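Scroll down for the structure; my scribbles are underneath it.
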Amino acid sequence: MVKIFDMLQNDSRFSRLVEIVQTLDEEKILQGDGPMTFFAPTDSAWDAIPEPNRSMIMNDRQMLSHLIDFFTIGNHKCTLDMLLKKNVVETVEGNNIMIRKTDRGTEVDGAVVLEGDIEVENGIIHVVDSVPFATLAQAEQAYLSTSR
């Protein structure tokens, strides 16, 4: 069975995410033993971030690293059903994200889950349609607090 990074690398929907992970040299984390839950934004999710925000984020390794941490729940392999029961979970970054059912489907901090419960050897992946602005704002705050 493949690990999280292998699955992302083998799926054309995640070329931007794979590039970011490789730029950060964080493949080892997503290849680790786990277990972990990972929210994977598609390429179109990254493309939807307005310029010049996208350029700023893509050219800032520390900001990208915080974003990847916001997409990861460590030490847990959480299905969508488990996440919905918890309603709020803490990410590796230490911030809480909300998971809820809406008329749009299952949402993770406003991002809609396009495909959930993709099981891999070291965890589970949920594909999301956007990089939520709440997440971007939290990542920016974490970045600003560590760069002072």
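What tally of residues in the stretch 93-104 results from selecting those that are within 14 Å of the chain's Cα centre (by Cα) and surrounded by fewer than 17 Cβ atoms within 10 Å (Cβ to Cβ)?
Summing the residues that are within 14 Å of the chain's Cα centre (by Cα) and surrounded by fewer than 17 Cβ atoms within 10 Å (Cβ to Cβ) in the stretch 93-104 gives 3.
Taking into account only those residues within the stretch 99-110 that are assigned to a strand (DSSP E or B) and either in contact (Cβ under 8 Å) with a residue 12 or more places away in the chain or touching a Pro at 6+ places or on another chain (Cβ under 8 Å) (or both), which is nearest to Ala45 (Cα to Cα)?
Of the stretch 99-110, the ones assigned to a strand (DSSP E or B) are 99-102, 105-108.
After this cut, where a residue has to be either in contact (Cβ under 8 Å) with a residue 12 or more places away in the chain or touching a Pro at 6+ places or on another chain (Cβ under 8 Å) (or both) as well, the list is 99-101, 106, 108.
Details: Ile99: 18, Arg100: 19, Lys101: 20, Thr106: 16, Val108: 13 Å.
Among residues in the stretch 99-110 that are assigned to a strand (DSSP E or B) and either in contact (Cβ under 8 Å) with a residue 12 or more places away in the chain or touching a Pro at 6+ places or on another chain (Cβ under 8 Å) (or both), the one nearest to Ala45 (Cα to Cα) is Val108.
With respect to Val112, determine if the residue is in contact with a strand residue (DSSP E or B) (Cβ under 8 Å, 6 or more places away or on another chain) and of a type in the set (Val, Ile, Thr).
Answer is yes for this residue.
Name every residue in the stretch 40-61 that is surrounded by 14 or more Cβ atoms within 10 Å (Cβ to Cβ) and not in a loop (DSSP other than H, G, I, E, B), in order of residue number.
In the first step, residues of the stretch 40-61 are kept if they are surrounded by 14 or more Cβ atoms within 10 Å (Cβ to Cβ); the result is 40-43, 45-46, 49, 54, 57-58, 60.
Correct list: Ala40, Pro41, Asp43, Ala45, Trp46, Arg54, Ile57, Met58.
Which of the residues belonging to the stretch 81-98 are in contact (Cβ under 8 Å) with a residue 12 or more places away in the chain and either more than 30 Å from Asp25 (Cβ to Cβ) or touching a Cys at 6+ places or on another chain (Cβ under 9 Å) (or both)?
Once the filter is applied, which keeps residues that are in contact (Cβ under 8 Å) with a residue 12 or more places away in the chain and either more than 30 Å from Asp25 (Cβ to Cβ) or touching a Cys at 6+ places or on another chain (Cβ under 9 Å) (or both), the stretch 81-98 yields Leu84, Lys86, Asn87, Val89.
Inspect all residues belonging to the stretch 21-29 and state whether any of them is modelled with pLDDT of 90 or more and in contact with a strand residue (DSSP E or B) (Cβ under 7 Å, 6 or more places away or on another chain).
no
In the stretch 4-17, which residue that is touching a residue at least 12 places away in the same chain (Cβ under 8 Å), out of contact with any Gly (no Cβ under 8 Å at 6 or more places or on another chain) and not small (Gly, Ala, Ser) is nearest to Ile118 (Cα to Cα)?
Only one residue tops the list, namely Met7.
Look through the stretch 123-148, keep the residues that are out of contact with any Leu (no Cβ under 8 Å at 6 or more places or on another chain) and modelled with pLDDT of 95 or more, and return whichever of them is surrounded by the most Cβ atoms within 10 Å (Cβ to Cβ).
Going through the qualifying residues, I end up with Gly123.
Kindly indicate which of Leu67, Leu83 is modelled with pLDDT of 85 or more, assigned to a helix (DSSP H, G or I) and crowded, with 21+ Cβ neighbours inside 10 Å.
When all the criteria are applied, what remains is Leu83.
The values are calculated or read from the model by the stated rules, or taken from the named source; none is laboratory data. From a predicted model like this one, the values you see are computed outputs, not experimental measurements. All Cβ positions, even for glycine, are placed from backbone atoms using ideal geometry, and neighbour counts span all protein chains on display.
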